[in-house]
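Heads up, the thing below is written out as structure tokens.
The numbers here are math on the coordinates, done by the rules we state, and not lab data. Model, not experiment: these values are computed from the prediction. Positions of Cβ are generated from backbone atoms using ideal geometry, with glycine treated the same way; all protein chains shown enter the neighbour counts.
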Amino acid sequence: MSWDDLSKDELLSRFLQMEERIDELEETIAQKDERIEEQNELIEEQQERIEELETRLRKYENPHTPPSKRRSGTDGSPTSQDDEDDDVRTDGGTPGRKDGHDPEWRSPPDPDEEVDVTCDCCPECGDHFDESVGVSPRLVEEIPDPQTPEITRYNRHYYQCDSCGTETVAAHPDCPDEGQFGVNVIAQSALSRYDHRLPYRKIADRFEQLHGLELSGTSAWHATERAARAGRCEYEQIRQEIQDADVVHIDETGIKRDG
């Protein structure tokens, strides 16, 4: 039977049935889409859980883990596992950046000097090169060779006032008021002691190794004392600001005293 043989009422009934069927199909599709979305969320949660467990597992299955703490019941050694999967880290670290995330790179510094590295002939056959076909740049960051100390003699003239008899010694901003070591030696001594936690003997060894400066442990101690005296005003100012503050955050780490 063709559509032309149907009456208007029959056509209308057919159309209504088709619309109901379409609504049912659309509802079924929507329900399936919801289930697919729920399954995708579950898969993502399971994947995150797997990555977390793999990260924790690597702490017990890497070359640096002592045998007593390695997981028992494994057939292969950590080395053989690494051969099977080169992407798995064995240093206890976390996995790398996930796919789709842009990597973070350290900003390259501006070079202070450029050196052209050229080659005249082929290292394989010895044929002479006409000209280079490109440049393969490489930035290398290096610290300068250890510098020997600069020794300056300040001839400080002194004067006597004809009126009151007061004697005055001329001052220079780079000449310390006492001692024979400059500001940089004093600052590095203080940093080595309080930031790097080095004992005074090793501070003296460090100066001798890096700069050839003969410095005793006692001299290093005197240098840190001079740094403390120089910063006394700032220290008192900071302490006063803390005392006048409305709220003060403290470190509540305990320390025993008298038992």
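Largest first and in whole Å, the equivalent-ellipsoid semi-axes of the stretch 207-259 read 34, 19, 11, each the square root of five times a Cα gyration tensor eigenvalue. Site pair E252 and R232 shows an inter-label distance of 3.6 nm when each label is modelled 7 Å from Cα along Cα→Cβ. Using bins of 10 Å that start at zero, the share of Cα-Cα pairs per bin across the stretch 104-259 amounts to 7, 18, 19, 21, 15, 11, 6, 3, 1, in whole %.
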